[in-house]
Amino acid sequence: MTIVTRFAPSPTGYLHIGGARTALFNWLYARHTGGTFRLRIEDTDRERSTPAAIDAIIEGMGWLGLNWDGEVVHQFARAARHAEVAKQLIAQGHAYHCYASPEELEEMRSAQRAAGLPIRYDGRWRDRPVSDAKPNVPPVVRIKAPQTGETVIPDKVQGEVRFSNNVLDDFILLRSDGTPTYMLSVVVDDFDMGVTHVIRGDDHLTNAARQRQIIDAMGWPVPVYAHLPLLHGEDGQKLSKRHGALGIHEYKDLGYLPEAMRNYLLRLGWSHGDDEMISTEQAIEWFNLDNIGRSPARVDFKKLDNLNGHYMRNASDTVLAEGTLALLKSKGVAVSPDLPAKLVVAMPGLKERAKTLVELVEGAHYLVTARPLVLDDKAAKLLTPEARAILTGLVQALGATADWTASALDAATRGYAEQNALKLGAVAQPLRAALTGRSTSPGIFDVLAVLGRAESLARIADQARG
RNA sequence: GCCCCCAUCGUCUAGCGGUCUAGGACGUCGCCCUCUCACGGCGAAAACAGGGGUUCGAGUCCCCUUGGGGGCACCA
């Protein structure tokens, strides 16, 4: 049997981090098993679904590298098929028309609430003959769910979850306007698409019991379920606006790498012994449904930062330089013709000090600014009169260096410090301030080498003069 | 209110009855490396929610309590 998984978001907003993890798990499982991963847009809620949200989801999936197989299925386009199944259910006696008005149902619920009873449709139209139908009230179609016994959902994550059938009610299949509800649509689409494994958020666990009623009534095969515990915010509460970045697109803008994001999301609820750094290739090889944790996980941006730092250090200098350039341009920074090449050369020293692409841009500041440099406070404090004197001497010492390479400059600087009975730091820090305008930077000899003889000497002379 | 799920360091987790004086990672703190900041290396503090059982033996199994989360729509 070939395995078919799917990611089925409703396009009512951006692709959030929880949804991204669900998508990742589905994708990994399909890739691991050599199966198929489908994307289905659940847009049956016409009020809240927007084309912009569909674009955001697709863009997010693309950035994360989660490619799906086949065409994207738009659920609403299949409404006729869903309605057809509902009619079939009625014909088979598994569903019926209900003429109760929304107001009437709300009354019923508040009465149940007041009496401390479970809130559920009481089946008032379950066995009433069609002759009782109210003339001008368009009916909804409800499933005729079993009232006794229990429904068992075998779940790869949660185990066997049992629901007493008397807590399940006759939920709505078709609205009074004839459109299908989510509960019906998912089941029909999953069946028609041949979905074998339903991997989704925990919030659908109780829905599984309801959906099972439709599946059984139609005599369809029951998919393998895996309900993932939901993600929580850093404070343990449910994810919401105040937890900062929720949309996957925000992480792109914050300068995270998709491979780091995949690794991070993977470890949120899934484990492979003590392994932490797991490449996507390795993840595809190892991923399974058995090692999914059963408790909700909190997001931890510090860990994401650390992971991203690892991936950045291992990324190629040219790729990182391109990313930095793109960010620079998007910020409207003027890019000189020789910058791309300089960025690549400077990248080893830069990437070791950055955890995100955004930090990389910040670190590349010394390559982007033009003379005379504007120093930040800490750098300015380094340039005391003594320091300026040292810089003056340095212009001579460095200027006399035959070949402008990091190692030759290293030797020249150390020689200069020695001759003047100075610690290397006493020379290097003023030099750093003059060259970069900052108090921290990559190794100073590398900075000199990347900047080149003319530019370096000019920057040093600028600050020596004061 | 009713139903369902969950519970190991601050966080993510390993652990699938004895090998647990509970392991790894992030974060935190200290030391080393060192031209700064990082990276890297070494080390430290830090957890089985509580109470009952079962068992020769429980972090691992069962029950209760407590605490979180989810669901109970003509939303998905």
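Below is a table of values for the structure above.
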| read-out | value |
| --- | --- |
| Quotient of C-alpha Rg and 2.2 N^0.38 Å, computed over the range A:106-214 | 1.21 |
| Lys/Arg +1, Asp/Glu -1 at C-beta; the range A:351-466 dipole; positive extreme among A:Leu360, A:Ala461, A:Leu398 | A:Ala461 |
| For the range A:230-361: span of alpha carbons on each principal axis (Å, largest first) | 53, 35, 20 |
| Taking the range A:1-101 and dividing mean pair separation by its residue count, relative contact order in percent (alpha carbons under 8 Å, at least six apart) | 30 |
| Charged-residue dipole, Cβ positions (Lys, Arg, Asp, Glu), the range A:313-387 about Cα centre, Debye nearest 20 | 100 |
| Unit Cα scatterers, Debye sum, the range A:280-327: log10 I(q)/I(0) for q = 0.31 Å⁻¹ | -1.06 |
| Alpha carbon Rg of the range A:180-284, scaled by the compact-globule rule 2.2 N^0.38 Å | 1.35 |
| HN-Hα J in Hz across the range A:166-177 - Karplus 6.51, -1.76, 1.60, θ = phi - 60°, x for Gly and Pro | 6, 9, 8, 10, 7, 6, 7, 9, 10, 6, 5, 8 |
| Coarse-grained scattering of the range A:370-450 at q = 0.18 Å⁻¹, given as base-10 log I(q)/I(0) from a Debye sum over alpha-carbon atoms | -0.70 |
| Net dipole in debye of the range A:320-466 [+1 Lys, Arg Cβ; -1 Asp, Glu Cβ; about Cα centre; nearest 20] | 260 |
| Alpha carbon centroid spacing (whole Å) that separates the range A:319-347 from the range A:355-391 | 18 |
| Antiparallel bridges, percent of DSSP beta bridges restricted to chain A (to nearest 5) | 55 |
| Dipole-positive endmost among A:Ile90, A:Asn314, A:Gly349 within chain A (Cβ charges, Cα centre) | A:Gly349 |
| Debye, to nearest 20: dipole size of chain A, +1 on Lys, Arg Cβ, -1 on Asp, Glu Cβ | 720 |
| Proxy reagent accessibility, fewest Cβ within 10 Å first, across A:Thr384, A:Thr413 | A:Thr384, A:Thr413 |
| Cα principal axis extents for the range A:298-452, largest first, Å | 54, 37, 27 |
| Too-long pairs where the Cα-Cα distance tops 23 Å, listed order kept, from A:Lys252/A:Lys355; A:Lys238/A:Lys303; A:Lys238/A:Lys351; A:Lys87/A:Lys144; A:Lys381/A:Lys423; A:Lys87/A:Lys134 | A:Lys238/A:Lys351 |
| Pair-distance profile P(r), taking every C-alpha pair of the range A:305-396, with 10 angstrom steps and integer % | 15, 39, 28, 17, 1 |
| With eigenvalues of the C-alpha gyration tensor scaled by 5 and rooted, the range A:65-144, Å | 32, 20, 12 |
| Coarse-grained scattering of chain A at q = 0.07, 0.09 Å⁻¹, given as base-10 log I(q)/I(0) from a Debye sum over alpha-carbon atoms | -0.54, -0.73 |
| Angle between chain A longest axis and helix A:406-419 axis [Cα atoms, degrees, rounded to 10] | 50 |
| Principal axes of the range A:332-372: Cα extent on each, largest first, Å | 26, 19, 19 |
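A short reminder: the numbers here are calculations on the coordinates, not readings from a lab. All values reported here derive from a predicted model rather than from experimental measurement. Here the Cβ is made from the backbone with ideal geometry for all residues, glycine too, and neighbour counts use every protein chain on show.
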